[in-house]
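Data block below; observations after.
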Amino acid sequence: MILLAAAPLARGQNEAGFVPLFDGKSLKGWTLVHGRGPGYIVEDGSIVCPVQGGGNLFTEKEYSNFVLRLEWRLSEGGNNGIGIRAPLEGDAAYAGMEIQVLDDEADVYQKMKLKPTQYTGSVYDVFPARRGFVRRNGAWNEEEIRAEGRRIKVTLNGHVVTDVNLDDAKDPAVLKKHPGLARSAGHIGFLGHGTRVEFRNIRVRELK
């Protein structure tokens, strides 16, 4: 993996209404649930899910309607997710919602023949994202998630990859499997699976 220099941590200060969720030095304001191995660490101004680490790292505060901006980068085969409107307990991908973060083009996932709803930017297992916008090989990805009422919009590296109305999920089996689709508020979090994924410049603007 190519290591790139860290970007300034104060990016949110130049964006009206945005406040940082990460101070660049500690996990203050975050809580680890169902941690595995070393959990999450802070390294070079980033929150890192290390190899054999992970679990769910949630904001202590709950959010309802918001715009979340952040950057992330993957190791080969990296797999994580961004939880939104999630409770602290249960599987956040179902009890809340998960916006997928995955090294889609890695051999390991190509061999698995992913479902359309498993690609990066998807509302995991419910709504598929447009593909082909993930930067690999140590490059940072810029992502924005806008959750406003029943609308979820995901922009990855300047491209809208998901823009959905949650009410369009009508299959009774899907709704039963994903009760979190009905939630109006919850925690923002990172949902790690034992592969290295890094996050930085994490900031949020709450919407009225």
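The values are calculated or read from the model by the stated rules, or taken from the named source; none is laboratory data. Just so it is clear, the model here is predicted, and its values are computed rather than measured. Cβ placement follows ideal geometry from the backbone for every residue including glycine, while neighbour counts extend to all protein chains displayed.
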Within the stretch 176-208, considering residues that are surrounded by fewer than 14 Cβ atoms within 10 Å (Cβ to Cβ) and within 22 Å of Pro128 (Cα to Cα), the one farthest from the chain's Cα centre (by Cα): Lys176
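What about Gly186, is it in contact with a Lys or Arg (Cβ under 8 Å, 6 or more places away or on another chain) and at pLDDT 95 or above? Walk me through how you get there before you give the answer.
Details: in contact with a Lys or Arg (Cβ under 8 Å, 6 or more places away or on another chain): yes; at pLDDT 95 or above: yes.
So Gly186 fits the description; yes.
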Qualifying residue in the stretch 10-27 (condition: closer than 16 Å to Glu198 by Cα, modelled with pLDDT under 95 and assigned to a loop (DSSP other than H, G, I, E, B)): no
The one condition in (1) at pLDDT 95 or above; (2) closer than 23 Å to Val67 by Cβ that Tyr94 fails to fulfil: (2)
Residue that is nearest to Gly186 (Cα to Cα), among those in the stretch 137-165 that are touching a strand residue (DSSP E or B) at 6+ places or on another chain (Cβ under 7 Å) and in a loop (DSSP other than H, G, I, E, B): Arg150
Leading residue by the ranking (nearest to Trp72 (Cα to Cα)) among those in the stretch 99-129 that are out of contact with any helix residue (DSSP H, G or I) (no Cβ under 7 Å at 6 or more places or on another chain) and among the aliphatic types (A, V, I, L, M): Val101
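From the list Asp163, Asp171, Asp167, exactly one residue is surrounded by fewer than 18 Cβ atoms within 10 Å (Cβ to Cβ), without any contact (Cβ under 8 Å) to a residue 40 or more places away in the chain, under 17 Å from Gln118 (Cα atoms) and not aromatic (Phe, Trp, Tyr). Which is it?
On the way: Asp171 fails: under 17 Å from Gln118 (Cα atoms); Asp167 fails: under 17 Å from Gln118 (Cα atoms).
Going through Asp163, Asp171, Asp167 in turn, just one is surrounded by fewer than 18 Cβ atoms within 10 Å (Cβ to Cβ), without any contact (Cβ under 8 Å) to a residue 40 or more places away in the chain, under 17 Å from Gln118 (Cα atoms) and not aromatic (Phe, Trp, Tyr): Asp163.
If a residue must be aliphatic (A, V, I, L, M) and farther than 18 Å from Gln100 by Cβ, how many such residues does the stretch 162-208 contain? Step through it out loud before you land on a result.
Step one: list which residues in the stretch 162-208 are aliphatic (A, V, I, L, M), which gives 164, 166, 169, 173-175, 181-182, 185, 188, 191, 197, 202, 204, 207.
Subset that is farther than 18 Å from Gln100 by Cβ: 173, 175, 182, 185, 204, 207.
So the count comes out to 6.
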Criterion (on the phi > 0 side of the Ramachandran plot and either touching a residue at least 40 places away in the same chain (Cβ under 8 Å) or among the β-branched types (Val, Ile, Thr) (or both)) met by exactly one of Gly149, Gly189, Gly180: Gly149
Selection within the stretch 189-208 - of a type in the set (D, E, K, R) and at pLDDT 95 or above: Arg196, Glu198, Arg200, Arg203, Arg205, Glu206
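With Asn157, Asn137, Asn165, Asn141 as the choices, which residue is at pLDDT below 95 and more than 17 Å from Asp91 (Cα to Cα)? Steps first, please.
On the way: Asn157 fails: at pLDDT below 95; Asn165 fails: at pLDDT below 95; Asn141 fails: at pLDDT below 95.
Being at pLDDT below 95 and more than 17 Å from Asp91 (Cα to Cα) holds for just one of Asn157, Asn137, Asn165, Asn141, which is Asn137.
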